[in-house]
Structure formats: structure tokens, C-alpha cells
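Colleague: Starting off with a structure, shown below.
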Amino acid sequence: MDFLDPKKRKKHNRRILVGYGLIAVLIGMVSILLLLQAYGYTYNVRTGDVSQNGLLFVDAQPRPATLYLNDEFKGQTDKRMVLKQGPYDLSLQREGYHNWERSMTLKGGEIERFQYPFLFPAEVESNDTELFSKRPDFVTQSLDRRWLVVRLPGGSLNNFETLDLNSDTIVPASFTLPNGVLTSAGGTHRFEPVEWSTNNRHFIMLHRYEGGREYILVDRQRPAQSLNLTEEIDTSFSDLRLRDKSHDSYYLYSDSRNTLRRYDLDDDDLTPVLTNVLAYQSHGDDEILYVTDSGRSDSDTVSLRMVENGETFTIRDFPRSERYLLELATYDGSWYMVAGPSAEERVYVFQDPLDVLRHNPDAKIVPEAVLRVANASSVKFSQNTRVIAAQSGSRVGVYDAERENTHHYDTELAIDNSVEFEWMDGHRLTAIVDGTQQVFDFDGTNRRPLGGGYDDTSPFFNTNYTAVFTVAPSADVEGRSTLQRSELLTEADR
């Protein structure tokens, strides 16, 4: 028999080993090809080229919109596409609306999401919602964008009204603050919104009058419970802010003593928090980002520090400046801290610096990004905290925390540092310039005009972004002011 012949048995074994080897090689090659395919790689049989694909998600409001890539029809949003790496011109179109356009480069293995495009009507329909006998001297909007509180000059100092912007028919509901809450002495009175509580019922406003100023806690639902906090809190302070957006807990700052204290209304309790504070920004219950000259032997430098759960960390030293712009927020599980000392003429963005400092308190913290915006007048997080925008007049510097990149551009709008862009939502900035509201994406693209308005006022969007409201000259009654409603949907989509 053949298996008894040693030579034939060796030859047979070699064949088996070779066969197993070829199978193993084949399995390995198939596994590698499947793995490469999973990572988006493709192989061109004709050219022999290997390229890596990317993944693109596209959505829009209103939905659906027609999608074009490099002028080629690709269907409707909401859309998921596997594409070869390379440059693309993206265009979203819907009848009755301006196109939304963006040039992009898709990298191999990258996931690119454009789920924020907003298409604005090509012709904006605007109408008077409420006609005012005099232009309002105070307008503020709740955090949920539903409630608008307005004070009309000319009548009683205590008279206000509330409007529900989500209602199809907006009917003002008047309310009056109790006598004695506002100081009535003095011929000139000015009101400024400070901050809303997350309950969307209470807000703080600053009342300036000849000879003084006072902070007022307004309860729009139960006006009789409104309070004059300056009189209620038996101590002097120059600035008041809500602690953790709670209507009954405050941070009190004194610019003469550079001290920060906490006051709880229910307990009538005043607690020291920090000393030698030159500027600060709070977040949540106990997180405070602040600038101090405490412990500095060099009088020309200051330190940026963070307090979290009672522990203090030094993030970076800066030259002493006239102003310090500070902001902090969390996004996708990370802390982002922003500091803009005016002497440096730039704005620094730090990501999770405390993670490093907990292990090495003396570590030198490198900024995640530097926004080169000289003389910045404001720094603001978008409503979803994804984007940070620093502004100086018409110039804007932006850091996108999701894409980890920056944008610098000039809007070329005729504005100075007295006008601040506001966030429409998580991805768009807006302002009223030369009597017209302008809105544009955070990277400066897709700028569109909306309705009219006074230049020194802000636009107010309703909860679903189906309309925007502005205080504007009436188009129907000459010489009168109005609360103008501009539709963000065409008649066919309402």
C-alpha cells in the first residue's frame, strides 16, 4: 500500500501541508480585504489603485431637501453615503428656499456629518404681531425661547407684559410689579436683562436710575413675589449672577474688594467664595473659572485658575490686562475653558486641562486652539456648546469642538464692538445690521437676510424655529414700532 511507502507518505504529507498553507494564505487575504473594506478601502482592479472611502451624513431643516454632490443628484435628506475621499461641493435645495451650500474635503476613513443645515425662505414674509405706542425699552426672552417679556415706556414704571411666541395668535398678558420693588425716584430709568433661570419663570434684570442701580428678581407668573435683590441682600456688591441658573441662589462680586461671595435667598446666607478675583465665570454648583493676581510676585502677570469641588488648579499665566473674557462649558463629556486677556489680543481654548493637572499640578497646559481675534468684545458658546465664537466687530474666530478645527473670517458687515452676534441655535450666528437681520453658519457661509429690526436690539426665535421676532419700525403704520414676526417656513410648509 502507498501509505506504507515512506517516500510516498512524505510526498502526501507535503501536499497536505502545502494545501493547508494555501488555504491559510487565502483566509488571511480574505480577512485583510474584509478588514480594509470595513475601514472603507477599495481596490480598483483596472488600475490597481487602493483608496479609502469616507462616510457622509446629510440632513436639513425643513425636511426633505434635495441633495446634490458636485452638481450630481443624490436623492433626498436624511441621507447616508459612502464616498471616495476627495473634494466635494455640497448643495441642498428645496422649492421656495435659498440653497444651502458648502465645499468640503472628505478624508478616507472619516465620518462627516452635516445634520445642521437650515434652509431659509427665498422671500421672507413679515407681519406686525403687536403694535406699540412707543418703542419698548426692555425686551428679554426665556431660555426655552417660548416667553418674551416686554416693558413699554411712557406708563407706569412697574408695567410689563408677557407674550407666548409658540402661540399661533399672540395675545399680550400684562403684569405689574409690586410697589416698592423698583426705585421710582429720578427722571431717567434704564432696564437691562441679566439672566434667566432654567425654570423659565424667573429672571434677573438690572434697573439703572439717576443716582443708582438695583438688581430685580422678576417672577413673571406671580409678579407679587418679585424682589428687589439689592435691598434684600444686606451687603454691597457690583455684579450679581445666578448660581447654577437657580432663581434663589447667587454669586455676588465686588469690584472694589475683588471678592466673590455666594448668597442663598431661602437661608439668607452669605458665604465667602474667593478673594483677589479680577474676573470670573461660573458653571453648575461649584465650578468657577477665574483670573487672579493672588500669589504672584510679578505685578505684571495674573493666573487663570479653576475651582472644582473645592480644589483649585492653575491653568495658565497671562499678562495683566484691562479685560478678561472668560467662558466654560462641557461638550461631549469634555470641559472646554476659554480665556481672552485683552493684552494678548487672542483667545485661548483649553480642553480638559484638569485631567492633566490632577496628575501633575506643575504641568504646562497647551491650548487646544488659539483664536486670533484682536480686541475681542465677546466670547460665546453655541446653544449646544459645540462651537465657540470670539468676535471683534465684523471679525469672528471660531473653534468647532466636534471637528477640532478653527475658522477665521470677516463678515464685512458694517458693525463695531458695540454690536454682538447672538447664537440662533447650535450652529448659526445672527445680528441686526442696518435695519435688517442677518444670519449665517458658524463658519461664515450661507449668510441670509431675514426681517427688519432696530440695530441695537436682538432677534428672538420661537421654540421650533418656525418664526423669528424682532422689535422693528412698523411697515404698516408710519412712526410706530412693532413686534415683527418673520416666517421661517414658506406658506406651503406651514
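The values are calculated or read from the model by the stated rules, or taken from the named source; none is laboratory data. All figures in this text were calculated on a predicted structure; none of them were measured in a lab. No Cβ is skipped: glycine too gets one built from the backbone with ideal geometry, and neighbour counts run over all protein chains shown. Keep in mind that these areas ignore ligands, DNA and RNA; they rest on the heavy atoms of the full protein, side chains included. Shrake-Rupley method; radii C 1.70, N 1.55, O 1.52, S 1.80 Å.
Colleague: Quick check on Ser142: is it open to solvent by 50 Å² or more (accessible area, probe 1.4 Å) and hydroxyl-bearing (Ser, Thr, Tyr)? Before you say what the answer is, go through the steps one by one.
Modeller: On the way: open to solvent by 50 Å² or more (accessible area, probe 1.4 Å): no; hydroxyl-bearing (Ser, Thr, Tyr): yes.
No: the conditions fail for Ser142.
Colleague: Follow-up. Out of all the residues in region 459-494, which are buried (at least 20 other Cβ atoms within 10 Å of the Cβ), among the hydrophobic types (A, V, I, L, M, F, W, C) and over 18 Å from Phe138 (Cα atoms)?
Modeller: Ala467, Leu488
The rows are residues; the columns are (1) outside any loop (DSSP other than H, G, I, E, B); (2) closer than 26 Å to Thr169 by Cβ; (3) acidic (Asp, Glu).
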| residue | (1), (2), (3) |
| --- | --- |
| Pro449 | yes, no, no |
| Ser458 | no, yes, no |
| Asn464 | no, yes, no |
| Phe469 | yes, yes, no |
| Ala475 | no, yes, no |
| Glu478 | no, yes, yes |
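Colleague: Output the number of the condition that Phe442 fails; it satisfies all remaining conditions of (1) more than 22 Å from Leu119 (Cα to Cα); (2) hydrophobic (A, V, I, L, M, F, W, C); (3) open to solvent by less than 20 Å² (accessible area, probe 1.4 Å).
Modeller: (1)
Results for (1) under 12 Å from Asp59 (Cα atoms); (2) touching a Gly at 6+ places or on another chain (Cβ under 7 Å), shown as yes or no for each residue.
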| site | (1), (2) |
| --- | --- |
| Asp78 | yes, no |
| Tyr88 | no, no |
| Gln93 | yes, no |
| Glu101 | no, no |
| Leu106 | no, yes |
| Glu110 | no, yes |
| Phe114 | yes, no |
| Phe118 | yes, no |
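Colleague: May I ask you to list the residues in region 244-260 that are open to solvent by less than 40 Å² (accessible area, probe 1.4 Å) and farther than 17 Å from Glu192 by Cβ? If you could, list the steps in order and put the result at the bottom.
Modeller: Taking region 244-260 and keeping what is open to solvent by less than 40 Å² (accessible area, probe 1.4 Å), we get 246, 248-254, 259-260.
Scanning region 244-260 gives Ser246, Asp248, Ser249, Tyr251, Leu252, Ser254, Thr259, Leu260.
Colleague: Okay, moving on. All but one of (1) buried (at least 18 other Cβ atoms within 10 Å of the Cβ); (2) touching a Ser or Thr at 6+ places or on another chain (Cβ under 8 Å); (3) not in a loop (DSSP other than H, G, I, E, B) hold for Ile415; state the number of the condition that does not hold.
Modeller: (3)
Rundown of residues vs (1) within 18 Å of Ile288 (Cβ to Cβ); (2) polar (S, T, N, Q); (3) open to solvent by less than 50 Å² (accessible area, probe 1.4 Å), yes/no style:
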position	(1), (2), (3)
Asn200	no, yes, yes
Leu206	no, no, yes
Ile216	no, no, yes
Asp219	no, no, yes
Arg222	no, no, no
Ser226	no, yes, yes
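Colleague: Another question, if that's okay. Condition first: open to solvent by less than 10 Å² (accessible area, probe 1.4 Å), under 16 Å from Phe440 (Cβ atoms) and more than 16 Å from the chain's Cα centre (by Cα). Can you find one or more residues in region 383-393 that meet it?
Modeller: yes
Colleague: Of the numbered conditions (1) in a loop (DSSP other than H, G, I, E, B); (2) under 23 Å from Ser91 (Cα atoms), Thr430 fails exactly one; give the number of that condition.
Modeller: It is condition (1) that Thr430 fails.
Colleague: So which strands (runs of 3 or more DSSP E) stay within region 306-363 end to end and still have 2 or more residues that are open to solvent by 60 Å² or more (accessible area, probe 1.4 Å) and farther than 20 Å from Ala401 by Cβ? Step through it out loud before you land on a result.
Modeller: On the way: elements: 311-319, 324-331, 334-341, 347-351.
Counting at least 2 such residues, we get 311-319.
Colleague: While we're on this one: All but one of (1) farther than 30 Å from Ala492 by Cα; (2) without any contact (Cβ under 8 Å) to a residue 60 or more places away in the chain hold for Gly109; state the number of the condition that does not hold.
Modeller: Looking at each condition in turn, Gly109 falls short on (2).
Colleague: Of everything in region 480-494 that's touching a Gly at 6+ places or on another chain (Cβ under 7 Å) and not in a strand (DSSP E or B), which residue is nearest to Ile432 (Cα to Cα)?
Modeller: Across region 480-494, the extreme among qualifying residues is Thr490.
Colleague: Go through Thr411, Thr490, Thr445, Thr482 for me and flag whichever is in contact with a Pro (Cβ under 6 Å, 6 or more places away or on another chain) and modelled with pLDDT of 95 or more.
Modeller: On the way: Thr411 fails: in contact with a Pro (Cβ under 6 Å, 6 or more places away or on another chain); Thr445 fails: in contact with a Pro (Cβ under 6 Å, 6 or more places away or on another chain); Thr482 fails: in contact with a Pro (Cβ under 6 Å, 6 or more places away or on another chain).
Only one candidate passes the filter, namely Thr490.
Colleague: Out of the residues in region 145-159 that are over 25 Å from Asn464 (Cβ atoms) and touching a residue at least 12 places away in the same chain (Cβ under 8 Å), state the one that is surrounded by the fewest Cβ atoms within 10 Å (Cβ to Cβ).
Modeller: Initially, region 145-159 is screened for residues over 25 Å from Asn464 (Cβ atoms), giving 151-159.
This time we only want the ones that are touching a residue at least 12 places away in the same chain (Cβ under 8 Å), so: 151-154, 156-159.
On the way: Arg151: 20, Leu152: 19, Pro153: 15, Gly154: 10, Ser156: 13, Leu157: 17, Asn158: 17, Asn159: 15.
Residue satisfying both the conditions and the ranking: Gly154.
Colleague: Go through region 160-176 and count every residue that is assigned to a loop (DSSP other than H, G, I, E, B), among the hydroxyl-bearing types (Ser, Thr, Tyr) and open to solvent by 40 Å² or more (accessible area, probe 1.4 Å).
Modeller: Just the residues of region 160-176 that are assigned to a loop (DSSP other than H, G, I, E, B), to begin with: 165-172.
The next check asks that each one be among the hydroxyl-bearing types (Ser, Thr, Tyr); those that pass are 167, 169.
Pick out the ones that are also open to solvent by 40 Å² or more (accessible area, probe 1.4 Å) and you get 169.
Final tally of qualifying residues: 1.
Colleague: Something else: If you scan region 292-305, which residues turn out to be surrounded by fewer than 16 Cβ atoms within 10 Å (Cβ to Cβ) and among the charged types (D, E, K, R)?
Modeller: Passing the criteria: Arg296, Asp298, Asp300.
Colleague: In addition: Just give me the residues in region 222-254 being aliphatic (A, V, I, L, M) and more than 25 Å from Thr162 (Cα to Cα), in sequence order.
Modeller: Restricting attention to region 222-254, the residues satisfying the condition of being aliphatic (A, V, I, L, M) are 224, 227, 229, 233, 240, 242, 252.
Within region 222-254, Ile233, Leu252 meet the criteria.
Colleague: Then there's this: Give Val370, Val366, Val379 a once-over and let me know the one that is outside any strand (DSSP E or B) and either at pLDDT 95 or above or buried (at least 18 other Cβ atoms within 10 Å of the Cβ) (or both). Explain how you work it out, then say what you get.
Modeller: Details: Val370 fails: outside any strand (DSSP E or B); Val379 fails: outside any strand (DSSP E or B).
The unique qualifying residue is Val366.
Colleague: Within region 312-360, count every residue that is in contact with a strand residue (DSSP E or B) (Cβ under 9 Å, 6 or more places away or on another chain) and touching a residue at least 60 places away in the same chain (Cβ under 8 Å).
Modeller: Total meeting the criteria: 5.
Yes/no matrix, rows are residues, columns are (1) within 23 Å of Arg323 (Cα to Cα); (2) part of a loop (DSSP other than H, G, I, E, B); (3) at pLDDT below 95:
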{"site": "Asp248", "(1), (2), (3)": "no, no, no"}
{"site": "Arg261", "(1), (2), (3)": "yes, no, no"}
{"site": "Val273", "(1), (2), (3)": "yes, no, no"}
{"site": "Gln281", "(1), (2), (3)": "yes, no, no"}
{"site": "Asp285", "(1), (2), (3)": "no, yes, yes"}
{"site": "Ile288", "(1), (2), (3)": "yes, no, no"}
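Colleague: Name the residue, out of Arg135, Arg145, Arg113, that is more than 30 Å from Glu402 (Cα to Cα) and among the basic types (Lys, Arg). Write out each step before concluding.
Modeller: Values: Arg145 fails: more than 30 Å from Glu402 (Cα to Cα); Arg113 fails: more than 30 Å from Glu402 (Cα to Cα).
Checking each option against the conditions leaves just Arg135.
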